[in-house]
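Inspection log for the structure reproduced underneath, given as structure tokens.
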Amino acid sequence: MDHPLSCECKGIQGHVRPGAVASRVLCYCKDCQAFARFLQVEDTVLNVQGGTHIVQLAASRVFFSQGKEHLAVVRLSEHGLLRWYASCCNTPIGNTLPTSQLPFIGLVDNILNQAAIPKDFPGKTAVVHTQSAIGQPKPEAHGLSGTMWRFLRIVAKARMSGAYKRSPFFTDEGKPVATPKVLTDEQRESLKQAPRSSR
Ligand SMILES: [Zn+2]
Ligand SMILES: [Zn+2]
């Protein structure tokens, strides 16, 4: 069954097609934290230790039926990932590599139907970059090698099938569908350092 996706205000709507391989990841890296702070949604996106829940899958499985004009994208640095979000309400959408040749997206779970995630994307959640988690004790990291292995399978399959040409985040010429806003070093560092607002 298709898995629905929509931003907070429902300006963007769409779905994820069923498919074989996906990885659920809980990422504590500073860049994911900075992305949530950039959008000022850290209270709804990050867990108490700064973790973001992500579902990684082939970008060709993602379809937008409405609101594509609200797609916006930021790069924390000149060479950083493309971090997509809904400009209508600042809901994070997910992270892609800067090229359409590696057709992979890590969807932030706020754009998904959170209750249906375990059913639609089964498997254990890998926990990564725990050294950047906020506070002590740090969560225990596990599952990274499985995540890397699935990443390779997803990319290889999309390359062989030609599905990489069907990413909704890139034009047929391989350009991002929105112009990335690139943060300055200063902006990035201040977002990485930003203290967590209290709940
Ligand atoms: Zn919205
Ligand atoms: Zn991360």
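The values are calculated or read from the model by the stated rules, or taken from the named source; none is laboratory data. Model, not experiment: these values are computed from the prediction. Cβ placement follows ideal geometry from the backbone for every residue including glycine, while neighbour counts extend to all protein chains displayed. Note: accessible area is taken over every heavy atom of the protein model, side chains too, but ligands, DNA and RNA are not part of it. Shrake-Rupley method; radii C 1.70, N 1.55, O 1.52, S 1.80 Å.
Some points to look at:
- Selection of the stretch 150-190 for residues being of a type in the set (Gly, Ala, Ser) and at pLDDT 95 or above yields only Ala178.
- Listed by position, the strands (runs of 3 or more DSSP E) contained in the stretch 82-199 that have at least 3 residues being under 27 Å from Gln66 (Cβ atoms), among the polar types (S, T, N, Q) and in contact with a strand residue (DSSP E or B) (Cβ under 7 Å, 6 or more places away or on another chain) are 91-96.
- Put simply, of His15, His70, His53 the only residue that is at pLDDT 95 or above and in contact with a His (Cβ under 7 Å, 6 or more places away or on another chain) is His15.
- For the stretch 57-110, residues that are without any contact (Cβ under 8 Å) to a residue 60 or more places away in the chain, more than 15 Å from the chain's Cα centre (by Cα) and under 25 Å from Leu26 (Cβ atoms) total 1.
- Residue pairs meeting the criteria (Cβ under 6 Å; at least 6 apart or on separate chains; first over 17 Å from Ala116 (Cβ atoms) and more than 16 Å from ligand 1 (Cβ to nearest atom), in the stretch 17-33; second assigned to a loop (DSSP other than H, G, I, E, B) and of a type outside the set (A, V, I, L, M, F, W, C)): Leu26/Gly51; Cys27/His129; Tyr28/Gly50; Tyr28/Gly51; Tyr28/His129; Cys29/His129; Gln33/Gly50
- Looking across the stretch 56-76, just one residue is of a type in the set (Gly, Ala, Ser) and open to solvent by 30 Å² or more (accessible area, probe 1.4 Å), and that is Ser65.
- Candidate set from the stretch 21-54 (those that are part of a helix (DSSP H, G or I) and more than 12 Å from Leu191 (Cβ to Cβ)); member that is least open to solvent (accessible area, probe 1.4 Å): Val45
- Residue in the stretch 1-18 that is of a type in the set (S, T, N, Q), buried (at least 17 other Cβ atoms within 10 Å of the Cβ) and either in contact with a Lys or Arg (Cβ under 9 Å, 6 or more places away or on another chain) or assigned to a helix (DSSP H, G or I) (or both) present: no
- Verdict on Glu78 being away from ligand 2 (no atom under 14 Å from the Cβ), part of a loop (DSSP other than H, G, I, E, B) and at pLDDT 95 or above: no
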